Amino acid sequence: MELRQLTSFVTLAESGFNVTEAAEKLCLVQSAVSQHLAGLEKELGTQLFVRKGKRLIALTASGESVLNYARQALAIRENILSIGRDHVEEESGVLRIGTTHTQARYVLPPVIRAFRQSYPSVSLQIHQGTPRQLVEMALTDHVDFSICTEELGLHSSLTAIPCYRWNRSLIALKGHPILKHKPLSLECLCEYPMITYTFGFTGASRMQSSFARTGLKPEVVLTAADTDVIKTYVREGLGVGLIACMAYSSEQDKDLVLRDLSTLLPWETTWVAYHKDKYLRRFQQFFIKLLDEMVLENGVVKN
């Protein structure tokens with residue numbers, strides 16, 4: 001059994017069983033990928049794929065089990081290589097970060113700027129996705145670690161480190177009647193059309209539970225995963241917005257009035273997580289340490 005066979009097998013499974021796509025990802029011809037798969041099945045003495053004619057359409061039960069161990073084998077190989085690189089190429093490499101739009105847009109820029117000063121030869125990749133996708137990215141080593149609020153702290157196969165706590169803020173156009181309410185309450189929030197995060201993003205599920213526990217049902221007229229989209233439609237007059245506190249810019253959002261909601265809604269925790277068996281290179285550990293040191297409670301970043 002060869003590692004290149006396992007690589008072709010895992011890549012094919014992650015490419016929706018499309019041999020052409022898998023070959024392109026591996027920079028191989030299709031016949032080479034097919035040979036790897038045929039050789040692996042022959043050596044194992046069992047079919048790994050469900051076939052429909054000549055097409056591969058799914059994994060067999062054996063194939064599912066092999067896929068799990070194949071991923072582990074490739075992860076171990078990558079860990080071994082990473083140990084070697086830490087001694088030969090300590091200050092160069094690629095840092096792959098999985099995160100949401102809010103983190104990438106409003107929290108990470110100063111951290112990345114500081115990281116680049118210490119590791120100018122390390123190139124960075126930011127992969128955005130839903131919290132569920134970010135868990136999968138970390139589990140399958142498509143990123144070195146993921147950063148978000150939901151999901152990461154719940155998975156037993158991930159090492160999850162709490163970064164900071166944050167809450168939400170209300171944003172509204174200047175002169176909006178909701179701004180006359182002092183103090184704000186959940187009841188008065190429900191009096192106006194609301195724009196907020198899609199369920200599953202940036203603590204949306206816990207926020208909805210807060211309203212439900214008091215028997216209130218806000219009029220949510222639009223949801224989005226992207227904070228800038230929420231701001232856009234607040235500016236269009238569609239409603240008031242509920243956003244993560246760190247996603248407000250005093251420079252760029254001067255036309256919007258900010259009101260703190262931390263006494264009304266539950267605090268959230270943003271996590272950084274990676275596979276529990278992953279070897280973290282020195283520059284990867286440095287980035288996580290930098291994130292922890294630079295981001296204060298409420299998502300404020302020290303510059």
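Checked against (1) under 21 Å from P162 (Cβ atoms); (2) without any contact (Cβ under 8 Å) to a residue 40 or more places away in the chain, E236 passes all but condition (1). A Cβ distance below 8 Å, combined with a sequence gap of six or more or placement on separate chains, defines the contacts here; from region 207-220, residues that are touching a residue at least 12 places away in the same chain (Cβ under 8 Å) reach residues that are among the polar types (S, T, N, Q) and surrounded by 11 or more Cβ atoms within 10 Å (Cβ to Cβ) in the pairs M207/T196; V220/T196.
Taking K182 as the residue in question, decide whether it is modelled with pLDDT under 90, basic (K, R) and more than 21 Å from the chain's Cα centre (by Cα). In short, yes.
Within region 76-85, the set of residues being surrounded by 11 or more Cβ atoms within 10 Å (Cβ to Cβ) and small (G, A, S) comprises just one member, S82. Of the residues making up region 188-207, at least one is among the hydrophobic types (A, V, I, L, M, F, W, C) and either touching a His at 6+ places or on another chain (Cβ under 6 Å) or on the phi > 0 side of the Ramachandran plot (or both). If we keep just the residues of region 157-184 that are in contact (Cβ under 8 Å) with a residue 40 or more places away in the chain and among the small types (G, A, S), which is nearest to M207 (Cα to Cα)? That would be S169. Have a look at P266, P183, P177 and point out the one that is exposed (fewer than 15 other Cβ atoms within 10 Å of the Cβ), over 21 Å from R105 (Cβ atoms) and in contact with a Lys or Arg (Cβ under 8 Å, 6 or more places away or on another chain). None of the other options fit; the residue is P266. Exactly one residue out of Y119, Y106 is in contact (Cβ under 8 Å) with a residue 60 or more places away in the chain, closer than 25 Å to A244 by Cα and in contact with a Phe, Trp or Tyr (Cβ under 9 Å, 6 or more places away or on another chain), and it is Y106. In region 1-93, counting only helices (runs of 4 or more DSSP H) that sit wholly within it, the ones holding 1 or more residues that are under 25 Å from S123 (Cβ atoms) and within 24 Å of the chain's Cα centre (by Cα) span 3-14, 19-26, 61-88.
Just a yes or no: is a residue in region 60-75 within 22 Å of Q285 (Cα to Cα), assigned by TED's automatic domain parsing to the domain that holds S8, among the hydrophobic types (A, V, I, L, M, F, W, C) and surrounded by 14 or more Cβ atoms within 10 Å (Cβ to Cβ)?
Yes, some residue in region 60-75 is within 22 Å of Q285 (Cα to Cα), assigned by TED's automatic domain parsing to the domain that holds S8, among the hydrophobic types (A, V, I, L, M, F, W, C) and surrounded by 14 or more Cβ atoms within 10 Å (Cβ to Cβ).
Of all residues in region 104-135, those being under 9 Å from the mean Cα position of the chain (by Cα) and not in a loop (DSSP other than H, G, I, E, B) number 7. Just one residue in the set L291, L296 is aliphatic (A, V, I, L, M) and surrounded by fewer than 18 Cβ atoms within 10 Å (Cβ to Cβ); that residue is L296. Scanning region 143-174 for residues that are in contact with a Gly (Cβ under 7 Å, 6 or more places away or on another chain) and loosely packed, with under 15 Cβ neighbours inside 10 Å yields no hits at all. Tell me, please, whether a residue that is outside the structural domain of L12 (by TED's automatic domain parsing), over 18 Å from K276 (Cβ atoms) and assigned to a strand (DSSP E or B) can be found in region 142-154. Looking for residues that are outside the structural domain of L12 (by TED's automatic domain parsing), over 18 Å from K276 (Cβ atoms) and assigned to a strand (DSSP E or B), one finds none in region 142-154, hence no. For region 210-269, a residue qualifies if it is in contact with a Cys (Cβ under 9 Å, 6 or more places away or on another chain) and of a type in the set (D, E, K, R), and the qualifying residues are K217, E219, D260.
Table: residues versus (1) outside the structural domain of F145 (by TED's automatic domain parsing); (2) under 24 Å from I97 (Cα atoms); (3) in contact with a helix residue (DSSP H, G or I) (Cβ under 9 Å, 6 or more places away or on another chain).
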residue	(1), (2), (3)
S185	yes, no, no
V234	yes, no, no
I243	yes, yes, yes
R281	no, yes, yes
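The values are calculated or read from the model by the stated rules, or taken from the named source; none is laboratory data. Keep in mind that what you see is a predicted model, and the values were worked out from it rather than measured. Note that we place each Cβ from the backbone using ideal geometry, even for glycine, and neighbour counts take in every protein chain shown.
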